[in-house]
Amino acid sequence: MKFFSLLLLLIPGFVHGQKAFTIVNIPDSLKENANVVYFIDEATFEIVDDSKAVYKSHTVAAILNSNGKKHATQYVGYDKLRKINSFTGMAYDENGNEITKLKKSDIVDQSNISGFSLYEDNRVQYADLKQNEYPYIVKFHYEVESKYTYSIPSWPVLSGENASVVLSSYKIIFPKDLKPNTKLINTNEELEITEVDGKIEILFEMKNVKAIEHESNSPPANELYPILYATSSKFNFEGYQGSFNSWEEM
């Protein structure tokens, strides 16, 4: 995969096997003001047709201290129109040695509304890989299939304040007749657009983005770091056709 090849160049001392990611290989500039450093934060949103989409997420993060422990958890939502195809995770020590592998029994399934009913439509699967000794590394991967395409996840380059990233990558794949509307803010970067196997791919990628330190009276971090917003131009929702032909119409 493309992200794996890029990391060979981005992270010194990269080796194959379990020790691919180590704390010592994180540049000091990315540790500054950071509670967590993402080696990689990558996602792909593929529009299969006007009523089906697949979202894939892959992250590898170094949890540097207790203030970053929330990044050692992962929530994946689902409902009657979204199903989780896969959900995996692993934790490693600072040297890249495996500590634990997420088992199916470790994943908590609960309501996303009240927390009581097993039969509510809006639900979430939750995994916790927090460790007692810092620093450590966590990896999550999940895939969600949706029976609609009207909602395309936005993409913030940073996952919050006091977080940095080595490689942030978001790709939107779609048929030629279902081109989504996109808007980049807080950056002069441009989207990379290519055609692969008869489909169009939009890629938003940034490397070595430093953490933004939280300060009182400062603007929210999401007003400072780059974000890609996207929405479908045409979609089908449970048999109803719809369109977002412009940001004004949306």
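When the charge dipole of the range 165-225 is built from unit charges on Cβ atoms (+1 for Lys and Arg, -1 for Asp and Glu) and taken about the Cα centre, the candidate among ILE173, ASN208, ASN188 whose Cα reaches farthest toward its positive end is ILE173.
Accessible surface for LEU191 stands near 50 Å², nearest 10, in the context of the full protein assembly shown (1.4 Å probe).
Take the cross-link list LYS52/LYS179; LYS80/LYS179; LYS104/LYS147 and give me the ones stretching past 22 Å between alpha-carbons.
Values: LYS52/LYS179 14 Å; LYS80/LYS179 26 Å; LYS104/LYS147 25 Å.
Pairs exceeding the cut-off: LYS80/LYS179; LYS104/LYS147.
The values are calculated or read from the model by the stated rules, or taken from the named source; none is laboratory data. Since we're looking at a predicted model, the values are computed, not measured. Glycine gets a Cβ as well: all are built from the backbone with ideal geometry, and neighbour counts include every protein chain shown. Accessible surface areas use protein heavy atoms only, side chains included; no ligands, DNA or RNA. Shrake-Rupley method; radii C 1.70, N 1.55, O 1.52, S 1.80 Å.
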